[in-house]
Amino acid sequence: MRTIDLSPLYRSFIGSDRLASLVDAASRSESQSTYPPYNVELLGDDKYRISMAIAGFSSDEVEIVAQDNTLTVSGKKAQQENAAERKFLHKGLSERSFERKFQLGDHVKVTGADLQHGLLHIELARVVPEAKKPRRVEIGKPASDSAE
């Protein structure tokens, strides 16, 4: 694994500890398995969709957890009673458990999820609070007047 010197970034970015944590998270995610396959779509300026191919899983067997800036999607296949009796000539559908983590940007929230035809769709939106939106500061006016 390559080591990257981020010291020039620390000099020019204020709050670059967030950048360093993103780089650390990205290096950890390299060890993630490639199952299940997924797409990330940009639907609009601040709307996104993650689509995951999880054929064979029901909504009861899938858990979606959003905590801080991490979205975790995990699936655990329930044991079938007649699994020992089933004989496959070819088994191409994976029924193994999985866990997939996504790093979300600041203010990105999960707005919904849906499972149809073996595809799990997770809807996301960037919702910036009013306090975090840019505001114009007038020159020569007190700061309390420019917050309006």
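The values are calculated or read from the model by the stated rules, or taken from the named source; none is laboratory data. Nothing here was measured: the structure is a model prediction, and the numbers come from that model. All Cβ positions, glycine included, derive from the backbone under ideal geometry; neighbour counts span all protein chains shown.
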Those residues of segment 107-129 which are touching a strand residue (DSSP E or B) at 6+ places or on another chain (Cβ under 8 Å) and not in a strand (DSSP E or B), in sequence order: His107, Gly118, Val127
Complete set of residues in segment 108-131 that are farther than 30 Å from Phe57 by Cβ and surrounded by 10 or more Cβ atoms within 10 Å (Cβ to Cβ): Val128
Count of residues meeting criterion [in contact (Cβ under 8 Å) with a residue 12 or more places away in the chain and farther than 15 Å from Pro36 by Cα] in segment 86-122: 10
Residue check, Arg49 modelled with pLDDT of 65 or more and either within 17 Å of Gln116 (Cα to Cα) or of a type in the set (Lys, Arg) (or both): yes
Among (1) of a type in the set (A, V, I, L, M, F, W, C); (2) modelled with pLDDT of 85 or more; (3) closer than 25 Å to Asp45 by Cα, the one test that Leu89 misses: (3)
Every residue from segment 60-95 that is of a type in the set (S, T, N, Q) and surrounded by 10 or more Cβ atoms within 10 Å (Cβ to Cβ): Asn69, Thr70, Thr72, Ser74, Gln80, Ser94
